[in-house]
Amino acid sequence: FDWPLFWTFLRPQLLPLSAAIVLALGAALLNVRIPVLLGQLVNVVARCARGHIPTYLREVRRPALRLLATYCLQGLLTFGYIALLARVGERVAGNMRKALFSALLRQEVAFFDATRTGQLVTRLTADIQEFKSSFKLAISQVSPPSPGGRWGSQPIPSLPRLFSAEVDHAGYLSERLGLGIAAFQGLSNLALNGIILGTIFVGGSLMAGDELSPGDLMSFLVASQTVQRSGQGPMVPPVVRGLSAGARVFELLAQEPLVPLRGGGSIPAHSLLGHICFKHVSFSYPTRPGYPVLQDFNLTLPPCQTVAIVGPSGGGKSTVAALLERFYEPTAGTITLDGHDIAKLDPSWLRGQVIGFISQEPVLFGTTIMENIRFGKPGASDAEVYEAARLANADGFIRSFPEGYDTIVGERGVALSGGQKQRVAIARALLKDPAVLILDEATSALDAQAERAVQEALDRAATGRTVLLIAHRLSTIRGAHLIAVLAHGRVAEAGTHEELVRRGGLYAELIRQQ
């Protein structure tokens, strides 16, 4: 368990936490006082019962009122510390969730290849909830449940912006729930203690009139205590589980990515050409180190030209794109951009300003079309978004919607067709005006009509940019300046469409198969 890291989350909540501890200690002190007051009340009841004193009500009034006032104050203190603990717990848990979510986003793609999605979701939700609950339980146990009628013994006191907004809203609702729980706990303590007080008060009156024996009164007191004890459970197991859950969360928070999200150099925009070279690159996925995907791979992408990579499925075409974006690091060889090793360039700058990526299945978020496009360049103006949409051949269909650019696309863009989603993704990529464009089978999942609209947008987007085109449909790459045929992790042959067809090699065989 990383206590220093936990302290960074707890420190901003020290004031309400300290107040909660003070209130809990106050409730604990009152719990110590309650048996004494109960003893005094029982002494009065017993004396009246032995002497059959007719002024029973007058005699018992003062100790009974003192005990009732103590019960009320104890209920208020209980409400106070539980409400404060709810606030502290939810804010600490919310900050932990935000930090953990940010830490997960910083990790390299290889981390997600090796980690199960369910495990990450558990860390983000269940483990933080378990830790929060045990933390609140440990503090609340400073003040044990009122010992009530145990007057015959000594009492023993015994964690990216949209995600952040959702966490804040959930925390607000949980704090309101915590207030309700605090009120319920305070009132229930008062009610349960009132049962004991009522039992003694009425029972004493009956004893004074010889209508109830001391043994019967004791039976009622024991029965009333059974109600309170039924809600009490051992504290140690939940706390141990909470510490274990917290340790798992802090382990992820402290994990540094193999490819840092930021750090490294950059190339001035005015001198950026987009000349890319793969030199003797070899690569194996971290989850399969014994199975090389690329072996001594060499390829050059000249500035402002389109280079297509084709080959059998599973041959490593998409891996080339992933290495260029530094989602993974090659096991051997280098990849250069305008002569600079990309391993020494800032990944955030490389992905955010240099490379635009368009995949077969674009990722859209459950917000407006405007926001989905603006994710490509968060600070872009509305005019820049409109221009990017126009270049992507998307402005027309967007404006045909009643809400226009404010249309909600639904989760994963369910409100849009495949071609519409792809054009929104193209607009998002073009918004940052990238020097390099990666098209990973961008039209393979579309019908003929949608493919024509998207292909027109892609042709327009490729103008003046270095383009890496990965495709299964060979009809989409005929116009490429260079076609590289990938087989067994190497470039088997390269040339234009006409040159490769004349050679009659692997490319010609792929053409015949289609």
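Only the coordinates and a few stated rules stand behind these numbers; no lab work does. Just so you know, these numbers come straight off a predicted model, no measurement behind them. FYI the Cβ positions are ideal-geometry reconstructions off the backbone, even for glycines, and counts take in every protein chain you see.
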**Request:** Measure out, as a whole number of angstrom, how far apart the alpha-carbon centroids of the range 484-514 and the range 250-315 sit.
**Result:** 23
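Go through 14-24, 355-365 and give me the packing order, highest mean Cβ count within 10 Å leading.
Values: 14-24: 17.1, 355-365: 19.7.
Sorting 14-24, 355-365 by mean packing, highest first, produces 355-365, 14-24.
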**Asked** What FRET efficiency comes out for the pair L65/R11, r = Cβ-Cβ distance, R0 = 45 Å, nearest 0.05?
**Response** 0.55
**Global size of the range 273-335 as Cα Rg and Dmax, reported in angstrom** = 11.7, 36
**Asked** How high is the FRET efficiency between F401 and V22 when r is their beta carbon distance and R₀ equals 56 Å, given to the nearest 0.05?
**Response** 0.45
**Asked** Once label points are set 7 Å from the Cα along Cα→Cβ at both C304 and K279, what is their separation, rounded to one decimal in nm?
**Response** 2.5
**Prompt:** Taking neighbour counts of Cβ atoms within 10 Å as a proxy for exposure, in what order, fewest first, do E108, E509 appear?
**Reply:** E509, E108
**Complete:** The orientation-averaged projected area of the Cα convex hull of the range 271-513, in nm², is 13.4
**Asked** Too long at a 27 Å Cα-Cα cut-off: which of K377/K421; K98/K377; K98/K317; K279/K377?
**Response** K98/K317; K279/K377
**Request:** Please give the FRET efficiency for E456 paired with K344, using the beta carbon to beta carbon distance and R0 = 30 Å, rounded to the nearest 0.05.
**Result:** 0.20
**Item:** Length released on extending from R116 to C72, taking residue separation times 0.36 nm less the Cα-Cα span
**Value:** 10.7 nm
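For a quick check: sort V424, V60 by the number of other beta carbons within 10 angstrom, fewest at the front. Can you show the working numbers first?
Numbers: V424 24, V60 21.
In increasing order of surrounding Cβ atoms, one gets V60, V424.
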**Fill in**
Of all DSSP beta bridges with both partners in the range 360-514, the antiparallel percent, nearest 5, is 55
**Request:** Would you mind computing, in nm to one decimal, how far apart the modelled labels at E498 and S271 are, each placed 7 Å from Cα along Cα→Cβ?
**Result:** 3.9
